[in-house]
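Everything on this sheet refers to the single structure shown next.
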Amino acid sequence: MPPSLHILPRTPSPQVGTGRTQKNRRPHPLHEGKPRVSYRIMSMQLAAGERDMLYRRGLIEGRVLTLIHNDFKGRLVVQVDGLHIILGRNEGHRILVRMIPKAPTPR
């Protein structure tokens, strides 16, 4: 006779209470981002010429940017190292980012 199986209680994940949700952990297009939030660039699915132009301006995979303005129609303004860059609809849909959680404030 096989040994009986016991179901263990579910333990809470270590991210409970830090404001991180499933959407924050997965990469999503930059055009879905909220203004005044910092993001890390995960990948850029652009043609070589467009990618090179953004590389020269400082938009590189792994770099942190802050979304300054998003009109949810296509136009985006991002800040990278103090430089403001205006991106169009094509770039906003093809740059995948991951939100950087804010550090908890001490009380």
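A few points about this structure:
- Candidates are the residues of the range 35-49 that are farther than 14 Å from GLN79 by Cβ and assigned to a loop (DSSP other than H, G, I, E, B); the one that is farthest from the chain's Cα centre (by Cα) is ALA47.
- Residue match in the range 50-65 (condition: in a helix (DSSP H, G or I), surrounded by 12 or more Cβ atoms within 10 Å (Cβ to Cβ) and among the charged types (D, E, K, R)): yes
- Entry remark, the range 66-107: residues being more than 18 Å from LEU46 (Cα to Cα), among the charged types (D, E, K, R) and either surrounded by 14 or more Cβ atoms within 10 Å (Cβ to Cβ) or touching a residue at least 60 places away in the same chain (Cβ under 8 Å) (or both) number 1 in total.
Coordinate-derived values only; no laboratory data. It should be emphasised that the depicted structure is a prediction, and the values quoted were computed from it without experimental measurement. Because the Cβ atoms are built from the backbone with ideal geometry, glycine has one as well, and the counts that use them run over all protein chains shown.
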